[in-house]
Amino acid sequence: MAVWYRSHLIPFGLALVAFLIITTGGWIRISDAGESCPDWPQCFGTWGFDISEEEQAQWWEENPDEIDSRGAQHRYTTDQIFTEWAHRGLVAIIGVLVIYSHYTAWSLKDKIGTRTYRTHYIASVFLVLQAILGAITVNLDNAPWTVSLHLFMALVFTTSLLAVGFFWWQGQEGLPENLKVKNLNSKSQNLISIVMVLILIQLLIGAYLSTSYHRGACGVGTAGWPLCSSKLIPSFSEFGVLLQLGHRFSALAIGGILVWVRMQMEDEVIIKTFNLALGFFGLNIALGGIYILSATDGDFPGWISLLHLLVGALTFLSIATAYLLCIVKGESDD
């Protein structure tokens, strides 16, 4: 097989599809479409999404063991079912594309290096794990911990695709100058990895918070943000309040750490990635506040929630990119 021109762009394209999967997954949660396809991999026993209320009722009657927490009388709209159906469809599409990319990496293994191919193999395994976790999330009725774990694996999978892309690029034609890390030490790399893990944990807490319906634990409107129930120090007797305040205070702490670590960096490329991450992080804090301020009792603006998730994911991926560029730098120095 001939060496494909700029074939290193393949895994980056896959990473974009993976981000789209994160987007549709977030919208499933926000639009309350979880379990709108109660079986897996089919949807109400079919491969389509246009399931009428009568057909849903018949399916529940024939499959009483599949009734979720909403009860057998609950009916999903076509839009809700389509959201879940499209999410699964994207997973199937990326599965085929990953196989294609895997084969391409294997055929170019001598050109791009065995490290690239091994990393691609790991990314392929992550995709399988992500599909399994998706099935578990459906079977466990979207339990908050499964949603957080599903998001975790989605971000790990996306990061692994970025890793493949950078290793592939370096092996095939070398990274361009504007992506080459030139001034690096082990302390800087360790600090970047710590920040990356902290932001990931913050994202998982946020996913658990929103899925467990504690998002309004401090109230809504001006009573809910920046104060909690109109108090600087509210009662800590409720788990939801503890979770909400923990998420807020950890955001402030991580923001401070992000600024401090940025000040320790000396390489221009790493500084630029941190500046990008800081921009995303600041925007996301504002979105979190706007989300609470814009809410009314029992009604939270879904599009802001989705933006909050995606900007948080972009913050993590920005720092992950900085870390991966450091790894590529270390590889090229060996």
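The values are calculated or read from the model by the stated rules, or taken from the named source; none is laboratory data. Just so it is clear, the model here is predicted, and its values are computed rather than measured. For neighbour counting, all protein chains shown are included, and Cβ atoms are generated from backbone atoms with ideal geometry for every residue, glycine included.
With respect to the conditions (1) surrounded by fewer than 18 Cβ atoms within 10 Å (Cβ to Cβ); (2) assigned by TED's automatic domain parsing to the domain that holds GLY13, GLY165 falls short on a single one, namely (1). Contact map, the range 108-126: first residue closer than 21 Å to VAL17 by Cβ and touching a residue at least 24 places away in the same chain (Cβ under 8 Å), second residue outside any helix (DSSP H, G or I) and aliphatic (A, V, I, L, M), Cβ cut-off under 8 Å, separation 6 or more or different chains; pairs are LEU108/MET1; LEU108/VAL3.
All conditions in (1) under 21 Å from ASP299 (Cβ atoms); (2) in contact (Cβ under 8 Å) with a residue 12 or more places away in the chain hold for LEU204, with the sole exception of (1).
Report whether or not THR158 is under 14 Å from the mean Cα position of the chain (by Cα) and of a type in the set (Val, Ile, Thr). It is true that THR158 is under 14 Å from the mean Cα position of the chain (by Cα) and of a type in the set (Val, Ile, Thr). The residues of the range 33-68 that are at pLDDT 85 or above, under 31 Å from the mean Cα position of the chain (by Cα) and assigned to a helix (DSSP H, G or I) amount to a single one, GLN56. Against the criterion of being within 16 Å of ILE28 (Cα to Cα) and either crowded, with 21+ Cβ neighbours inside 10 Å or in contact with a Phe, Trp or Tyr (Cβ under 6 Å, 6 or more places away or on another chain) (or both), SER160 does not qualify. Candidates in the range 285-302 are the residues that are in a helix (DSSP H, G or I) and small (Gly, Ala, Ser); of these, the one that is nearest to ILE205 (Cα to Cα) is GLY288. For ILE270, the criteria (1) over 18 Å from the mean Cα position of the chain (by Cα); (2) modelled with pLDDT under 95; (3) surrounded by fewer than 23 Cβ atoms within 10 Å (Cβ to Cβ) hold in every case but one, which is (3).
Per the listing SER235, SER305, SER250, SER318, the residue uniquely surrounded by fewer than 17 Cβ atoms within 10 Å (Cβ to Cβ) and part of a helix (DSSP H, G or I) is SER250.
Is it true that ILE67 is assigned by TED's automatic domain parsing to the domain that holds SER31, touching a helix residue (DSSP H, G or I) at 6+ places or on another chain (Cβ under 9 Å), surrounded by 15 or more Cβ atoms within 10 Å (Cβ to Cβ) and over 28 Å from SER318 (Cβ atoms)? Judged against the criteria, ILE67 is a match. Scanning the range 134-146 for residues that are crowded, with 18+ Cβ neighbours inside 10 Å and modelled with pLDDT of 85 or more returns a single hit, THR146.
If the condition is being at pLDDT below 85 and over 16 Å from the mean Cα position of the chain (by Cα), then the range 1-32 contributes MET1, ALA2, VAL3, TRP4, TYR5, ARG6, SER7, HIS8, LEU9, SER31, ASP32. Quick check, is THR119 in a helix (DSSP H, G or I), among the hydroxyl-bearing types (Ser, Thr, Tyr), in the same structural domain as PRO11 (by TED's automatic domain parsing) and farther than 24 Å from ILE327 by Cβ? Criteria not met by THR119.
Annotation: SER186 fulfils all but one of (1) without any contact (Cβ under 8 Å) to a residue 40 or more places away in the chain; (2) closer than 23 Å to THR296 by Cα; (3) more than 20 Å from the chain's Cα centre (by Cα); the unmet one is (2).
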